[in-house]
Amino acid sequence: MSQETRVTNYPEVLTDRPTHYCPGCHHGTAHRLVAEALTDLGLVEDTILIGSIGCSVFIYNYLSLDAIEAPHGRAPAVATGVKRARPDKTVFTYQGDGDLASIGMAEIMHCANRGENITTIFVNNTVYGMTGGQMAPTTLVGQKTTTCPGGRCRENEGMPIRMTEIIASLGGVAYAERVAVNNVKNIRKARKAVARAFECQTKNLGFSFVEILATCPTNWHMTPLAANKRVETEMIPYFPLGVYKDVLAGEEK
C-alpha cells in the first residue's frame, strides 16, 4: 500500500500521534473501527464519546470527538443523561470488562433494558489491564492473574460472565454482537458490527452493543503473537462470535 493511499484512507477523526498502548494491545484496532464507522456514516461532527476508567479511558487521546470521562463503571448512566439532553447527538460508551461487567454491571444492565438509544463498545480482554492484571468478571477458568495466581477456580469464583448473551436477552436492546480482532477476517467482521450498532442508533431503535474480544499481552505474560493465538484457541470457544440480536434483520439467538 502506497503512502498516498494510506493517508487517503486514514479517518480524519483519528489523531496523528504515537500510541502509548503496550505492544500487541488491541485497543488501537478498536479505535480505528470506531473511527471508520463514524466517518462512513457521517456522524463525526455530531458524536459525543463517554469514556470509562481503565485502559479504555485513553480513547479520547486518539479520537477527535467531544468527550466526557465518567466515574468508574458509570459510563452508561452518564451516556443516558447526555443522550436525553441531546437526542440529536450520537452518543457511545467505550468500556473494558472490569469497568462494564464488574463495578458497572448495574448501569449497563438497566441502560440496555430501558432501551436507551446509545451504543456501547465493550472491549473484553479477560483481565484488569491498567491496575495490574487482577481477575475480571470475564477471566477464563484456569487463567492466572495477580488476584488468582493459581488460576480462576470455578468453585470459588464462578464461571466467566458472557455479557453479549445477557445484553441480548433484554427487551430494550436493538443490536448485540460479539466479534474479535485477532486476524484480518475477524477485523473485517468487527468493522461491519460497529457500523451496524451506530446505524441502529441513527434509526432510534434502542440500545446497541458490540463486544470485542481483545488481547492484553502484558498482563497475560505473552508475546503479541501468542496472545492472538489465545484469542482463537481459548477465548472464542468460550465466548462464541456472532450476532445475538439485530432488530433490523429480525435476528435473535
Exercise. For the stretch 66-135, please list each of the strands (runs of 3 or more DSSP E) lying entirely inside it that holds at least 1 residues being open to solvent by less than 40 Å² (accessible area, probe 1.4 Å) and touching a helix residue (DSSP H, G or I) at 6+ places or on another chain (Cβ under 9 Å).
Key: 90-96, 119-124
Quiz prompt | Boolean, Ala174 is within 16 Å of the chain's Cα centre (by Cα) and modelled with pLDDT of 95 or more | solution = no
Quiz item: Only one of (1) touching a Gly at 6+ places or on another chain (Cβ under 6 Å); (2) over 20 Å from Val127 (Cβ atoms); (3) in a loop (DSSP other than H, G, I, E, B); (4) not basic (Lys, Arg) is not met by Tyr60, so which one is it?
Solution: (3)
Exercise. Sort through Glu36, Glu45, Glu12 and tell me the only one that's part of a helix (DSSP H, G or I) and open to solvent by 70 Å² or more (accessible area, probe 1.4 Å).
Key: Glu45
Quiz prompt | Elements of type helices (runs of 4 or more DSSP H) contained in the stretch 170-247, each with 2 or more residues being surrounded by 22 or more Cβ atoms within 10 Å (Cβ to Cβ) | solution = 184-202
Quiz item: Of (1) part of a helix (DSSP H, G or I); (2) touching a strand residue (DSSP E or B) at 6+ places or on another chain (Cβ under 7 Å); (3) β-branched (Val, Ile, Thr), Thr139 satisfies all except one. Which?
Solution: (1)
Quiz item: If you go through the stretch 146-153 one residue at a time, do you hit one that is closer than 20 Å to Ile236 by Cα and open to solvent by 20 Å² or more (accessible area, probe 1.4 Å)?
Solution: yes
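The values are calculated or read from the model by the stated rules, or taken from the named source; none is laboratory data. Bear in mind that the values here come from a model prediction, so they are computed numbers and not experimental data. All Cβ positions, even for glycine, are placed from backbone atoms using ideal geometry, and neighbour counts span all protein chains on display. Remember, those area values only see protein heavy atoms, side chains included, never the ligands or the DNA or RNA. Shrake-Rupley method; radii C 1.70, N 1.55, O 1.52, S 1.80 Å.
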